[in-house]
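Down below is the structure, laid out as structure tokens.
The values are calculated or read from the model by the stated rules, or taken from the named source; none is laboratory data. Just so you know, these numbers come straight off a predicted model, no measurement behind them. Note that we place each Cβ from the backbone using ideal geometry, even for glycine, and neighbour counts take in every protein chain shown.
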Amino acid sequence: MPDQALEYARANRPRFLEELKALLRIPSVSTDPAHAPDVRRAAQSLAAELERIGMENVRLIETSTPTRNGHPLVYADWLHAPDAPTALLYGHYDVQPPDPLDEWLSPPFEPTERDGNLYARGAVDDKGQMYMHLKALESLLAAEGRLPLNVRVILEGEEEVGGEGIAAFVASHPPELQADFALVSDTEMFAPGLPTLCVGLRGMIYTEIEVRSAKTDLHSGMYGGAAPNPFFALAHIIASLKDQSGRILIPGIYDDIALPDPQELAAWQALPFDEDHFRASEVGAKALVGETGYSVLERIWARPTLEVHGMPGGFTGIGAKTVIPAKAMAKLSMRLVPGMNAATTFARLSDYVQQIAPPAVEVAVRLIHSGEPCLIPVDNPFIHAATDAMRQVWGRETVFVRSGGSIPIVGDFARHLALPTVMMGFGLPDDNLHAPNEKFHLRNFYLGIESILRFLQLAGRAS
Ligand code: BES
Ligand code: MN
Ligand code: MN
């Protein structure tokens, strides 16, 4: 039953796509201080667009503090539906760095269409998905002159670096975030054409382990044999954190985990998951790893992880240099599942690292950022409205999944604002998030706009 807002969304697809491309051309890489002006430019262009489509009270909210250079939040609202609920629409306009650049088939900040996909850094994570919200709002406002419910929009520019600014803002319970539910489109569909709601995310602690072994770099011939080598100490520490089967050896780490209930596990069993396709096509590895006794979906959704991201330090230049470096570092993170919390997990990791560190070295374990895991109760009217909307647009029943990734603010919405979040995402498993050749399937962009539009209409009648 097409209505005018839907017709508007369909008629304006080519323009919506061109506008998204303009946003994707701004390299809003939040982790790189050199790109701070670009991050701000992205925020300003979104504020201008929110203003243009008829949202009100549009403004940037600064998140810098005396000790931190934060990226701005973008806020807007439309609050003229006194009898309807209030939605809080969240998205992030910052992106991951584009490297390695030479693996992109087209440049990361020159959005390019190929085989029904739009390729660019941020295409799906999260500019393209965030933009679906704006285009659904535009379609409703343009076709009907009003929205079917009250809407607040909050966009952040530092999700990819931990989201400290928005976390502090949410924790202060600002009146700007008063709402009945939140909508986040920053997750994936389980399979092409299969409508999916994400109901659980892992949390994380991101850390740095620094090993110092001497007051300065040393000639490896003059001192080698007697001077401690920080890389061996670091390798020993890292190798002691997990056993061969992938079990984490930090004492107590599994103590607090809340296991998925049998019903949820049975639903995962019924999902169209092909382990060999996952191994060969998505991961591209000879074999998968992980804790024995748990399925792949359990390992990525419901078990904690410990990963090493890089080990900076020492000599890595061209040629040879005979030196024993004075220090070595590892970037190491853990993903947390429901039941675990960031502070306790960091304390356990840090204590264990000190305990297993070789006596000749000094070790520092630093926390860079953290976020709590979350699990969304599914029996609420907004989840029902979401599955109804998806049925109308995709013609299929919705599956409920968790995701192994983290969106720290979703847990904060529940904890600080008591908001249930609907995570309605339209990425695909092969969209290359955080990797070269990130893409967004265009059909998902267009049907995503329609799904969100329908959802807002149905949520306006829910309570
Ligand atoms: N959108 C992702 C998280 C995600 C990916 C959820 C796939 C579901 C499916 C988000 O932008 C992200 O990358 N988050 C970071 C969080 C971190 C930097 C705190 C992550 O998961 O590594
Ligand atoms: Mn994201
Ligand atoms: Mn991301």
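Observations, loosely collected:
- Filtered residue count, the range 145-163, keeping only those that are more than 10 Å from ligand 1 (Cβ to nearest atom) and over 26 Å from Gln4 (Cα atoms): 4
- Residue in the range 98-117 that is within 18 Å of Ser185 (Cβ to Cβ), within 19 Å of the chain's Cα centre (by Cα) and away from ligand 1 (no atom under 11 Å from the Cβ) present: no
- Complete set of residues in the range 21-39 that are free of Cβ contacts under 8 Å to residues at least 60 places away in the same chain and crowded, with 17+ Cβ neighbours inside 10 Å: His35, Asp38
- Among the residues of the range 96-126, those identified as hydrophobic (A, V, I, L, M, F, W, C) and outside any loop (DSSP other than H, G, I, E, B) are Leu101, Leu118.
- Condition met for Ile253 (closer than 22 Å to Ala364 by Cα and modelled with pLDDT of 95 or more): yes
- If you go through the range 56-101 and keep only what is aromatic (Phe, Trp, Tyr) and either within 16 Å of ligand 3 (Cβ to nearest atom) or out of contact with any Lys or Arg (no Cβ under 9 Å at 6 or more places or on another chain) (or both), you end up with Tyr90, Tyr93.
- Scanning the range 121-149 for residues that are more than 14 Å from ligand 2 (Cβ to nearest atom), buried (at least 24 other Cβ atoms within 10 Å of the Cβ) and of a type in the set (D, E, K, R) yields Lys135, Glu138.
- Pick from the range 434-443, criterion within 17 Å of Leu23 (Cβ to Cβ) and not acidic (Asp, Glu), ranking: surrounded by the fewest Cβ atoms within 10 Å (Cβ to Cβ): Leu442
- Total residues in the range 317-336, condition touching a strand residue (DSSP E or B) at 6+ places or on another chain (Cβ under 8 Å) and in a loop (DSSP other than H, G, I, E, B): 3
- For the range 1-93, the helices (runs of 4 or more DSSP H) that sit wholly inside it and include 1 or more residues that are touching a Leu at 6+ places or on another chain (Cβ under 6 Å) are 4-11, 36-53.
- Residue match in the range 209-220 (condition: within 26 Å of the chain's Cα centre (by Cα) and within 26 Å of Glu307 (Cα to Cα)): yes
- Residue that is farthest from ligand 2 (Cβ to nearest atom) [pool: residues in the range 150-196 that are among the charged types (D, E, K, R) and out of contact with any helix residue (DSSP H, G or I) (no Cβ under 7 Å at 6 or more places or on another chain)]: Asp180
- Residue selected from the range 279-316 under the condition in a helix (DSSP H, G or I) and modelled with pLDDT of 95 or more, by the criterion surrounded by the fewest Cβ atoms within 10 Å (Cβ to Cβ): Ala280
- Subset of the range 45-76 that is closer than 17 Å to Ala179 by Cα and crowded, with 21+ Cβ neighbours inside 10 Å - its residue that is farthest from the chain's Cα centre (by Cα): Met55
- The strands (runs of 3 or more DSSP E) found wholly in the range 175-258 and carrying at least 2 residues that are over 22 Å from Gly91 (Cβ atoms) and in contact (Cβ under 8 Å) with a residue 24 or more places away in the chain occupy 203-212.
- Count of the range 402-429 residues which are within 16 Å of ligand 3 (Cβ to nearest atom) and within 14 Å of Met189 (Cα to Cα): 9
- Annotation for the range 146-154: no member residue is under 28 Å from Val29 (Cα atoms) and part of a helix (DSSP H, G or I).
- Residue within the range 337-348 that is surrounded by fewer than 19 Cβ atoms within 10 Å (Cβ to Cβ) and part of a loop (DSSP other than H, G, I, E, B) present: yes
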